[in-house]
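J.: To start, I am sharing the structure in question, which I have written as structure tokens.
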Amino acid sequence: MTVTLTNASGRLKVFVLAHETYCKTRGRCACTVTPGRDGRRIASSFTLAAAAREELDEAVLAVTEVERAARAGELRVERKAPEPTRPIPSEAGARRSSKRARGDA
């Protein structure tokens with residue numbers, strides 16, 4: 001499921017997606033790991049201008065600042081179920097009716 005967040009505050013908002021909340025809820029890490037011996041994780045973030053940001057992972061709702069802003073009415077949250085995938089029609093079994101195949105009478 002994806003989430004659309006709309007900034008209703010009229011001001012620029014920046015949300016840090018902390019590893020302890022966002023990555024653990026998401027089930028995989030979205031942090032950047034610095035090269036070198038220490039291998040320190042740097043949390044990802046997103047900036048929300050006075051517009052909507054679509055197709056965010058639902059785990060973003062676990063971030064404390066996002067949850068607080070949504071409760072305060074500064075963000076509107078819209079959940080969207082994923083589109084069902086349609087199978088691609090196979091052309092192997094389809095024949096054009098205007099052409100005759102060999103052996104057709």
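J.: Can you spot a residue in segment 36-44 that is of a type in the set (Lys, Arg) and either modelled with pLDDT under 80 or touching a Gly at 6+ places or on another chain (Cβ under 9 Å) (or both)?
T.: Yes - at least one qualifying residue is present in segment 36-44.
J.: Among all residue pairs at least 6 apart or on different chains, which show Cβ distances below 9 Å where the first residue, located in segment 31-55, is without any contact (Cβ under 8 Å) to a residue 24 or more places away in the chain and the second is surrounded by 11 or more Cβ atoms within 10 Å (Cβ to Cβ) and among the basic types (Lys, Arg)?
T.: So the pair list comes out as Cys31/Arg41; Thr32/Arg41; Val33/Arg40; Val33/Arg41; Thr34/Arg40; Thr34/Arg41.
J.: What pairs come out if I take residues in segment 1-22 that are without any contact (Cβ under 8 Å) to a residue 40 or more places away in the chain and pair them with residues that are outside any helix (DSSP H, G or I) and among the aromatic types (Phe, Trp, Tyr) whose C-beta lies under 8 Å away, six or more apart or interchain?
T.: Val14/Phe46
J.: Got a sec? Which of Ala30, Ala50, Ala69, Ala59 is surrounded by 12 or more Cβ atoms within 10 Å (Cβ to Cβ), in contact with a Phe, Trp or Tyr (Cβ under 9 Å, 6 or more places away or on another chain) and either modelled with pLDDT under 85 or part of a loop (DSSP other than H, G, I, E, B) (or both)?
T.: On inspection, the qualifying residue turns out to be Ala30.
The values are calculated or read from the model by the stated rules, or taken from the named source; none is laboratory data. These numbers come from a predicted model, not from an experiment. With ideal geometry, Cβ positions are generated from the backbone for all residues, glycine too; neighbour counts draw on all protein chains shown.
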